[in-house]
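There's a structure below that I have some questions on.
The values are calculated or read from the model by the stated rules, or taken from the named source; none is laboratory data. Predicted, not measured: the structure shown is a model, and the values here were computed from it. Don't worry about glycine lacking a Cβ; one is built from the backbone with ideal geometry, like all the others, and counts go over all protein chains shown.
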Amino acid sequence: MPQRPGPAVRRATAADVPALAGTLARAFRDDPVFRWLFPLGHSREARNAAFFEVELRHLHLRHNEVWTADEGASAALWDPPGRWKVPLTTLARVGPSLIRLLGARTPIGLLGLNRVEARHPPTPHWYLAILGTDPDRQGRGLASAALAPVLARCDAEGTPAYLETATPENVPFYERHGFAVTGEATLPRGPLLWLMTRPPRRGGAGPPTP
């Protein structure tokens, strides 16, 4: 029996932003970080979508390392080595949009960003800022497919990868892809984050598909 082809994976463009923002809004509807950012559950998904639209347009697409699997059903938002820290000029540009979204949560949100950025490894690394799959499409290997291009590049270049997750169920998923928990952090009056680092694999071996 012929093997079924894997999900189609490609770099995202500006035209993909609305669809990806919707996918990520649904994926993170009940995520601890977004419950912390947007405590009002009835408006969280809409605020999530607006938040991810800002993130995609102004923070991640500029690096050309946003990868989508199955035409927007899953997305991995990566920042290359040395380019993960949000520049002050970018914060100033997106500030009005974030203030409208976060309202009174803006100061604690910025404090949380500073706390997370301070825990990054000091050595050059690829940063997986966001990985999410539409809840209706989970369990089909789409997240693994979206991760694969940059993890393969990490292996080829000998560069580590780094991420944070606030969802304990995500930890074993990332461990299967070579990440290991290397620390913990807590957002201000918020959830615990697991900090995970992945050393490059010898020989450029790609990650497993669960």
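Of all residues in the stretch 100-125 being in contact with a Pro (Cβ under 6 Å, 6 or more places away or on another chain) and over 27 Å from residue 39 (Cβ atoms), which is surrounded by the most Cβ atoms within 10 Å (Cβ to Cβ)?
By that ranking, first place goes to 125.
A follow-up question, please. Within the stretch 74-95, is even one residue assigned to a loop (DSSP other than H, G, I, E, B), of a type in the set (A, V, I, L, M), at pLDDT 95 or above and closer than 16 Å to residue 129 by Cβ?
no
May I pose another question? Which residue pairs have Cβ atoms under 6 Å apart, sit 6 or more places apart or on different chains, and have a first residue in the stretch 91-104 that is in contact (Cβ under 8 Å) with a residue 40 or more places away in the chain and a second that is among the charged types (D, E, K, R) and part of a helix (DSSP H, G or I)?
101/47
In addition: Could you list, in sequence order, all residues of the stretch 5-33 that are outside any helix (DSSP H, G or I) and either touching an Asp or Glu at 6+ places or on another chain (Cβ under 6 Å) or in contact (Cβ under 8 Å) with a residue 12 or more places away in the chain (or both)?
Across the stretch 5-33, the qualifying residues are 6, 7, 8, 9, 10, 11, 12, 13, 28, 29, 31.
So which residues in the stretch 103-131 are of a type in the set (Val, Ile, Thr) and in contact with a Leu (Cβ under 9 Å, 6 or more places away or on another chain)?
106, 108, 116, 130 - these are the residues of the stretch 103-131 that are of a type in the set (Val, Ile, Thr) and in contact with a Leu (Cβ under 9 Å, 6 or more places away or on another chain).
Okay, moving on. Look through 55, 45 and report the one residue that is at pLDDT 90 or above, in a helix (DSSP H, G or I), closer than 20 Å to residue 162 by Cα and acidic (Asp, Glu).
55
Quick one: would you say residue 151 is out of contact with any helix residue (DSSP H, G or I) (no Cβ under 9 Å at 6 or more places or on another chain), of a type outside the set (Lys, Arg) and within 24 Å of residue 27 (Cα to Cα)?
In short, yes.
Does residue 69 satisfy the condition of being farther than 21 Å from residue 13 by Cα, crowded, with 21+ Cβ neighbours inside 10 Å and modelled with pLDDT of 95 or more?
Against the criterion (farther than 21 Å from residue 13 by Cα, crowded, with 21+ Cβ neighbours inside 10 Å and modelled with pLDDT of 95 or more), residue 69 does not qualify.
Would you pick out the residues in the stretch 175-210 that are touching a Gly at 6+ places or on another chain (Cβ under 8 Å), under 17 Å from residue 154 (Cβ atoms), assigned to a loop (DSSP other than H, G, I, E, B) and at pLDDT 95 or above?
Those that are touching a Gly at 6+ places or on another chain (Cβ under 8 Å), under 17 Å from residue 154 (Cβ atoms), assigned to a loop (DSSP other than H, G, I, E, B) and at pLDDT 95 or above: 199, 200.
Within the stretch 130-174, can you find the residues that are in a helix (DSSP H, G or I), buried (at least 18 other Cβ atoms within 10 Å of the Cβ) and touching a Lys or Arg at 6+ places or on another chain (Cβ under 6 Å)?
Of everything in the stretch 130-174, just one residue is in a helix (DSSP H, G or I), buried (at least 18 other Cβ atoms within 10 Å of the Cβ) and touching a Lys or Arg at 6+ places or on another chain (Cβ under 6 Å), namely 155.
For the stretch 106-129, which residues satisfy the criterion of being assigned to a strand (DSSP E or B) and of a type in the set (A, V, I, L, M, F, W, C)?
Within the stretch 106-129, 126, 128, 129 qualify.
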